[in-house]
Amino acid sequence: AGMGSGELELYAVQTGTLGVVVTDGEGRVLYGSDGDQTTPPQSHCTDTCAQSWLPLTVPAGHEPQLLGVDAEVVGRLARQDGSSQVTLGGWPVYVNRNDDGQLKAAVQGPQSAGWFAMSPSGAKVTLPG
């Protein structure tokens with residue numbers, strides 16, 4: 001996910017509806033889930049969930065390129081499938097498979113229940129209801 005130049009890119013971007021959020025290099029908003037945990041970081045989005053909410057992963061030995069994102073809040077966790085998922089502020093990070101890169105929430109209303117966008121400091125950004 002987000003591998004334009006072979007490297008994962010994380011950007012802080014000002015959006016019209018969400019304020020400043022983190023996107024990948026393709027302009028897709030990054031999300032976290034209230035169903036996950038931060039201490040230690042652990043993803044509970046697997047199987048069907050991970051087909052709609054794609055875990056943002058980074059290849060072994062690579063670090064994401066950051067622009068406006070606090071490097072101190074960027075981390076990773078090992079997923080059950082062996083991939084390395086990016087975390088922000090301890091929250092496992094995802095992109096929604098329906099995100100078209102137009103810098104708006106890919107989900108709103110009932111589909112967004114339990115999900116939030118990520119700020120450059122790793123904080124939750126509430127989605128429009």
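The values are calculated or read from the model by the stated rules, or taken from the named source; none is laboratory data. As the structure is a computational prediction, the values presented were derived from the model and not from experiment. Note that we place each Cβ from the backbone using ideal geometry, even for glycine, and neighbour counts take in every protein chain shown. For accessibility, only protein heavy atoms count, side chains too; no ligands or nucleic acids. Shrake-Rupley method; radii C 1.70, N 1.55, O 1.52, S 1.80 Å.
Tell me the volume per residue, in Å³, of the convex hull enclosing the alpha carbons of the range 16-56.
Values: hull volume 4.3 nm³, N = 41.
Considering the Cα atoms of the range 16-56, their hull volume per residue is 105 Å³.
May I ask you to work out the translational diffusion coefficient for the range 1-80 at 4 °C, viscosity 1.567 mPa s, via Stokes-Einstein with Rh from the Kirkwood sum over Cα pairs, reported in whole µm²/s? Walk me through the numbers before you get to the answer.
Details: Rh = 13.7 Å.
The Stokes-Einstein estimate is 94 µm²/s.
Can you order the peptides 38-45, 114-121 by their average number of other Cβ atoms within 10 Å per residue, highest first?
Values: 38-45: 15.4, 114-121: 20.2.
Most protected by this proxy first, the peptides run 114-121, 38-45.
Grab the Cα-Cα distance for Gln51 and Thr39, subtract it from 0.36 nm times how many residues apart they are, and report the gain in nm with one decimal.
Full-extension gain reported as 1.9 nm.
Before anything else, pin down the relative contact order of the range 44-88: Cα pairs under 8 Å, at least 6 apart, normalised by residue count, whole percent.
Numbers: 36 pairs, mean separation 17.2, N = 45.
Relative contact order of the range 44-88: 38 percent.
In the range 14-129, carbon and sulfur make up what percent of the accessible area (probe 1.4 Å)?
48 percent
Considering only protein heavy atoms, what per residue accessible area in square angstrom results for the chain with a 1.4 angstrom probe?
Details: 6220 Å² over 129 residues.
Value for the chain: 48 Å² per residue.
For the range 30-129, just run the numbers: alpha carbon Rg, then divide by 2.2 N^0.38 Å, N being how many residues it has. It would help to have the intermediate numbers written out before the result.
Details: Rg = 12.8 Å, N = 100, 2.2 N^0.38 = 12.7 Å.
Compactness ratio reported: 1.01.
Which value in deg cm²/dmol, rounded to the nearest 500, describes the helix-derived mean residue ellipticity at 222 nm for the chain, given -39,500 (n - 2.57) per DSSP H run of n ≥ 4 and division by the residue count? It would help to have the intermediate numbers written out before the result.
Values: 1 runs with 5 residues, N = 129.
Using -39500 (n - 2.57) per qualifying helix, the result is -500 deg cm²/dmol.
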